[in-house]
1. Can you report the number of residues in region 440-475 which are among the hydrophobic types (A, V, I, L, M, F, W, C) and surrounded by fewer than 15 Cβ atoms within 10 Å (Cβ to Cβ)?
2. Are there helices (runs of 4 or more DSSP H) fully within region 346-452 with at least 3 residues that are in contact with a strand residue (DSSP E or B) (Cβ under 7 Å, 6 or more places away or on another chain)? List them.
3. Can you find, within region 31-54, the residue that is nearest to Gln99 (Cα to Cα) among those that are of a type in the set (D, E, K, R) and in contact (Cβ under 8 Å) with a residue 24 or more places away in the chain?
4. Could you count how many residues in region 290-319 are at positive phi and within 22 Å of the chain's Cα centre (by Cα)?
5. Could you check, for region 293-306, whether at least one of its residues is basic (Lys, Arg), touching a Gly at 6+ places or on another chain (Cβ under 6 Å) and not in a loop (DSSP other than H, G, I, E, B)?
6. Scanning region 316-345 for residues that are among the β-branched types (Val, Ile, Thr) and either in contact (Cβ under 8 Å) with a residue 40 or more places away in the chain or in a strand (DSSP E or B) (or both), which turns out surrounded by the fewest Cβ atoms within 10 Å (Cβ to Cβ)?
7. Checking Gly404 against (1) of a type outside the set (Asp, Glu); (2) within 26 Å of Tyr171 (Cβ to Cβ); (3) out of contact with any Gly (no Cβ under 8 Å at 6 or more places or on another chain), only one condition comes out false. Which one?
8. Looking only at residues in region 381-439 that are surrounded by fewer than 21 Cβ atoms within 10 Å (Cβ to Cβ) and among the polar types (S, T, N, Q), which one is modelled with the lowest pLDDT?
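The values are calculated or read from the model by the stated rules, or taken from the named source; none is laboratory data. None of these values were measured; they are calculated from a predicted model. No Cβ is skipped: glycine too gets one built from the backbone with ideal geometry, and neighbour counts run over all protein chains shown.
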Amino acid sequence: MKVLFVASEGVPFSKTGGLADVVGALPKALAALGHEIGVFLPRYRGTMAGRGLARLASVTLPFPSALKFATVEDGGESNGVHAYLFNSPQYFDRDGLYQAHGQDYPDNAQRFAAFCLGALEFLKRSGSPPDIIHCHDWQSALVPIYLWSLYREDPFFEKARVIFTIHNLGYQGLFPPSMLAAMALPTSLFTMDGIEYYGQGNLLKGGILYSDFISTVSRKYAEEIQTKEYGCGLEGVLVSRKARLQGILNGVDYDEWNPATDKLLPANYTPSDLKGKETCKVDLLKRMGARNPQAGRPVIGIVSRFATQKGFDLIAEITEPLMAAEVYVAALGTGEPQYEELFRQMAARYPDKFLVKVAYDNTLAHLIEAGADMFLMPSRYEPCGLNQIYSLKYGTPPVVRATGGLDDTIQDFAGQTGTGFKFSEYSAEALIGAIERAIEAYRRPNIWRKIIKNGMSKDFSWPQSARQYAAIYEQLAKGGAAGRGLAAGHVPE
């Protein structure tokens, strides 16, 4: 089966978060099942900088105000997956992927309109229609919207089916209605039954309405987003399409995230021999600036985007009792300015215990996973989460809020079973209670080793998830779940 992934980021070409990891790993797992897989990505300024890439095609973007032109370059083939890079310097030759100085680019809607049109025009130039177009998040939601409107009568796409994966419902791609014409969208789409959302256009809503099937990245999150608490205003739309909505847990790439083989660590280790983890802990404390590191004191690791979603307002509330508990916190990340400043303030106040690096550092991220004793993810909501899964493999029991993928992947410790520590209520009291339970277990070595080994034995690799996606592809290709635009109930003019 021929499948094209269309996404705004994917390793090794570009990354701001977990989406890039999924787009880097899931296609590889699908190719291993025998499918013909391509990945279509923007070429950003930092994408393969300094390397000349072969031009595969020139594409014309049919915007009504003026035709625009772009090229598609060859990103090469790896593990059976061919990468295609959309090169439009006007829109993507910028320092950041989506933002500058913490603010979204004001023309993001136009940027990703060009990208989505480029993907469809490139497919037409290729001469061979795909069976499946797999789109991800609002940046590629215009693909199904355009297929429903602009390309509705095009026989080339007659049999192509679209699956749309929501990685985070909180990011929706809103734009003013004045942008409709500039994005080549008919005004008939701008209704309550279409992409209109409280007076604005909503690209994510369009992706949900006009795709043949919708997936999200964990079973629990698929349930949560159909409720008012987690639906971000789109719960009604999602309920209307629940027959074509499924949660499939993200996998992880154990070729990259495995303490037994991880080349970024100062020492490797296995469940049967954890000595290397002790070495990683000492090295982590030294690298993070701890004076006279105390190996017997538990280290709580954090690797995250610093954002309200991630529960950092709760961490601000528990700093005092946390520091009184005689623990280290080793935190790495970037994000919202107020939380970057919060972490810097905590580091200044507790320079030998609250250890912080405000940056993106992949090597240090691996070291925190290995060198920390427990890993903290108190998220307000979490569609899937990957770090808690990495933490299990690295013998670093997670402390998590029971939401989304965190709830699906972590079993609360009780007796001899369990892989981590969960709390349900979104409150500082519930969070500190879960941390205290973890510290108590840490002080009992036999119990702690059992929790570690329980977690390290879990397998969240991609093949199982890939088979679930492949089953959906097969169903869509046979027409068994085709339903593009049925929820919208109208035909574009």
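1. Matching residues across region 440-475 total 1.
2. Correct list: 362-371, 387-393, 428-442.
3. Arg45
4. 1
5. yes
6. Applying the filter and picking the extreme gives Ile318.
7. Every listed condition holds for Gly404 apart from (3).
8. Gln416
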